[in-house]
Amino acid sequence: LNYMPGAFGWYAVTPDPGNPEHILLSDQGQGIIFRSTNGGFEWRTVFRHPAVDADDFRRRHGFKDLAFAPSNLGVVYGGMCRESRNIDGGLADPSFGIYKSLDGGLTWREANDANTADQNINVLAVDSRSEDIIYAGTVKRGVLRSLDGGRTWAPLNDGLRVPDVRALAIDPENWSVLYAGTASGGVYKSTNAGRNWEQSGNGMDPQAVVRALVVDPGNPQVVYAADLRTGVYRSGDGGKLWIQINAGLRTRAV
């Protein structure tokens, strides 16, 4: 990717699943979304949040996650969050919640209600059945879900003991199965689309800071989790038991 002067640390790089030349990119502190239509050789700014000021430490925000809707790739959601040093330092003051594009990332508008408007959003997951069903993992309010394309949001935290959700994954064959990776709380699993959660971390460090989850699209019983302290885990039984797979991995901060 060509370097863009003024950008200071990246949050998300998200290729369009239907067109690898089309990529969206966001930084940590300027509240900007960049767009490329030629595989990253050229970029242009498509959105800049008017309330963000990268020169003021207290006003640095970025889009931490950008997610295309699998059922309609013209629909993209973006979750805003304070700069990572603020979040990781425990300074999770309000951010700006969730934004939505209906034209593949060219233009953006808010997709908030009172539950999300001031939230720091760590991660987004869009249901493959519908562009209107979205899950958001937040720093302080656990998991939120919208069933109407971001107009309204409701918390889904029954059984979820850690409110700082850093990763979300949906089973590609069973939309009711969700995984949530938490900060210092390992992995939780829901089998009813988020209505209830159970801890799903047997074999994993109980204080794992799980920042990424991937469900194998060819075998949804296989799930991978990345921990900030102890490396990579693999489960072959849908999260019942996790085994470390760190051979050859020189750093365990994944």
- Task: May I ask you to list pairs of residues, at least six apart or on different chains, whose Cβ atoms are under 7 Å apart, with the first in the stretch 136-156 being more than 11 Å from Gln119 (Cα to Cα) and of a type in the set (Asp, Glu) and the second being open to solvent by 20 Å² or more (accessible area, probe 1.4 Å) and assigned to a loop (DSSP other than H, G, I, E, B)?
- Result: Asp148/Asp132
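May I ask you to list the residues in the stretch 49-78 that are over 19 Å from Asp118 (Cα atoms) and either part of a loop (DSSP other than H, G, I, E, B) or touching a strand residue (DSSP E or B) at 6+ places or on another chain (Cβ under 9 Å) (or both)?
First pass over the stretch 49-78, keeping only residues over 19 Å from Asp118 (Cα atoms): 55, 67-76.
Within the stretch 49-78, Asp55, Ala67, Phe68, Ala69, Pro70, Ser71, Leu73, Gly74, Val75, Val76 qualify.
Residues that are open to solvent by 20 Å² or more (accessible area, probe 1.4 Å): list the strands (runs of 3 or more DSSP E) wholly contained in the stretch 145-254 that include at least 1 such residues. Outline the logic, then answer.
Details: elements: 165-170, 178-182, 186-190, 210-215, 223-227, 231-235.
Counting at least 1 such residues, we get 165-170, 186-190, 210-215, 223-227, 231-235.
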- Item | Selection from the stretch 36-66 of residues that are farther than 16 Å from Trp10 by Cβ and among the small types (Gly, Ala, Ser) | Gly39, Ala51
- Based on what the data block shows, is Gly18 touching a Leu at 6+ places or on another chain (Cβ under 7 Å), over 16 Å from Ser95 (Cβ atoms) and either modelled with pLDDT under 95 or open to solvent by 30 Å² or more (accessible area, probe 1.4 Å) (or both)? yes
- Query: Can you tell me which residues in the stretch 21-48 are in a strand (DSSP E or B) and open to solvent by 10 Å² or more (accessible area, probe 1.4 Å)?
  - Reply: Glu21, His22, Ile23, Gln30, Phe34, Arg35, Arg44, Thr45, Val46, Phe47, Arg48
- Return the residue satisfying two criteria in turn: it lies in the stretch 90-141 and is among the aliphatic types (A, V, I, L, M) and not in a loop (DSSP other than H, G, I, E, B), and of such residues it is farthest from Thr152 (Cα to Cα). Val123
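In the stretch 79-89, which residues are assigned to a helix (DSSP H, G or I) and over 18 Å from Val143 (Cβ atoms)?
The initial filter retains those residues of the stretch 79-89 that are assigned to a helix (DSSP H, G or I), namely 84-88.
Of everything in the stretch 79-89, those that are assigned to a helix (DSSP H, G or I) and over 18 Å from Val143 (Cβ atoms) turn out to be Ser84, Arg85, Asn86, Asp88.
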- Message: Just checking, does the stretch 90-99 include any residue being within 21 Å of Pro50 (Cα to Cα), crowded, with 17+ Cβ neighbours inside 10 Å and at pLDDT below 95?
- Response: yes
- Task: Could you figure out which of (1) over 16 Å from Asn120 (Cα atoms); (2) under 20 Å from the mean Cα position of the chain (by Cα); (3) modelled with pLDDT under 95 isn't true of Ala7?
- Result: (2)
- Message: Pairs needed: first member in the stretch 229-248, more than 14 Å from Asp205 (Cα to Cα) and in contact (Cβ under 8 Å) with a residue 40 or more places away in the chain; second member anywhere, surrounded by 15 or more Cβ atoms within 10 Å (Cβ to Cβ) and β-branched (Val, Ile, Thr); C-beta distance under 8 Å; at least 6 residues apart or different chains.
- Response: Gly238/Val177; Gly238/Val223
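Looking at the stretch 111-132, which of the residues that are free of Cβ contacts under 8 Å to residues at least 40 places away in the same chain and out of contact with any Phe, Trp or Tyr (no Cβ under 6 Å at 6 or more places or on another chain) is most open to solvent (accessible area, probe 1.4 Å)?
Within the stretch 111-132, the subset free of Cβ contacts under 8 Å to residues at least 40 places away in the same chain is 114, 116-119, 132.
With the extra rule that they be out of contact with any Phe, Trp or Tyr (no Cβ under 6 Å at 6 or more places or on another chain), the set shrinks to 114, 117-119, 132.
Details: Ala114: 96, Ala117: 45, Asp118: 75, Gln119: 22, Asp132: 55 Å².
Looking at the filtered set, the residue picked out is Ala114.
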- Pairing a residue in the stretch 63-81 that is on the phi > 0 side of the Ramachandran plot with any residue that is assigned to a strand (DSSP E or B), where Cβ atoms lie under 6 Å and the two sit 6 or more apart in sequence or on different chains, gives none
- Query: Residue check, Val254 against (1) out of contact with any Ser or Thr (no Cβ under 8 Å at 6 or more places or on another chain); (2) of a type in the set (Val, Ile, Thr); (3) at pLDDT 95 or above, all met but one. Which one?
  - Reply: (3)
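The values are calculated or read from the model by the stated rules, or taken from the named source; none is laboratory data. Everything quoted here is computed from the prediction, not taken from an experiment. Positions of Cβ are backbone-derived with ideal geometry, glycine not excepted, and every protein chain shown enters the neighbour counts. Side chains included, ligands, DNA and RNA excluded: accessible areas come from the protein's heavy atoms. Shrake-Rupley method; radii C 1.70, N 1.55, O 1.52, S 1.80 Å.
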